Amino acid sequence: MALVVICGQPCSGKSKAALCLAESLKESEVKYQVRIIDEASFHLDRNESYANMPSEKNLRGVLRSEVDRSVAKDNIIIVDSLNSIKGYRYELWCLARAAGIRYCVVYCDVEENNCRKWNEERREKGEASYNDTIFDDLVRRFERPDSRNRWDAPLFELWPHRDGIDKSSAAILDAVSYLTKKVDSKTRDVKILQPTIATQTSRFSDANSLYELDKATQEVTNTIAEAQSQALGGPLVGISVGKDLPTINISRPVGLPELRRMRRTFIKLTGQTSLSGPPPPSDADSAKRMFIDYLNRELGTS
């Protein structure tokens, strides 16, 4: 039903804001399933996760994948992380648009020196904190949200150091109102994102179909590569992939790189077709049959 992105500098009160928002939503008149997705959900250490670019990229990928699996029209997902890169917030916005749900950003606006002080206090208490090098790097690279950007709007701002954070905070109440307000033909202040052809979750994105298609085409590719390694050159006719499946007839030797390119092209074409045509195969044999027919047309003997 909605995706909420919590944004802010390290140690700016984001997790407390996420908890207050979640509690307020659960207490609202309109009952929704509310879930917080954060690093702690996956037992990810914050210093290890932000130690270098590959680790940080992996962290964002883990969170984004979980959001992609979780967004639906019957729940509210809160992403409690730095979400400091505007390009990453745009990716999350795209997930919300593909799901056809509401979206907003809650920003904890805290001065750097206060964030640094809170980080040091957490370290002294033995709580989760950032080491100084990582903290400085994250502060330097932070990209402040701007409500003029569609992926940062609507933007609800909190000032934790000045006002504190609780369920009665103005930004929390405004966010709850926005996320739970009933929408009708006269509603103008609530925007429900609409999927486009580029972001729409097609039938091809079904996990089982994608898995079967990927696995089946890989098996066919491996069979061809193995048959060619045992041949002395020339056309290969009658390569069998399985019972009740057509044979593969190749008019010339085909290198593994070319096979891989053709496999990627076939998967892409199948996905594009599924947007407006029949769904892709959901079982291995159907996927193999389609891929074999494609290869025979492209590489078959005359």
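The values are calculated or read from the model by the stated rules, or taken from the named source; none is laboratory data. Owing to the predicted nature of the structure, the values given are computational and were not obtained by experimental measurement. So basically every Cβ, Gly included, is an ideal-geometry build from the backbone, and we count neighbours across all protein chains shown. Quick note on the areas: whole protein, heavy atoms, side chains included, nothing else; ligands and nucleic acids left out. Shrake-Rupley method; radii C 1.70, N 1.55, O 1.52, S 1.80 Å.
One table, with the values for the structure above:
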| item | result |
| --- | --- |
| Whole-number accessible area per residue in Å² for the chain, which is evaluated in the context of all protein chains at 1.4 Å | 54 Å² |
| Coil-residue trypsin sites (Lys or Arg not before Pro) of region 73-158, DSSP, other Cβ within 10 Å capped at 13 | LYS73, ARG148 |
| Residues of type lysines that LYS243 reaches as a straight line, Cα spacing below 20 Å, ignoring anything fewer than 8 places off in the same chain | LYS215, LYS288 |
| Relative contact order, percent, the chain [alpha-carbon distance under 8 Å, six or more residues apart] | 20 percent |
| Members of LYS57/LYS191; LYS26/LYS191; LYS14/LYS191; LYS73/LYS268 lying beyond 26 Å, as alpha-carbon distances in this model show | LYS57/LYS191; LYS73/LYS268 |
| Stokes-Einstein D for the chain, Kirkwood Rh over Cα pairs, 37 °C, 0.692 mPa s (µm²/s) | 146 µm²/s |
| Neighbour net charge for ARG289 - beta-carbon separation under 11 angstrom, K R +1, D E -1 | -3 |
| Carbon + sulfur, % of accessible area of the chain - ligands and nucleic acids excluded, 1.4 Å | 48 percent |
| Net charge contributed by nearby residues that have their C-beta within less than 9 Å of THR221 (K/R +1, D/E -1) | +1 |
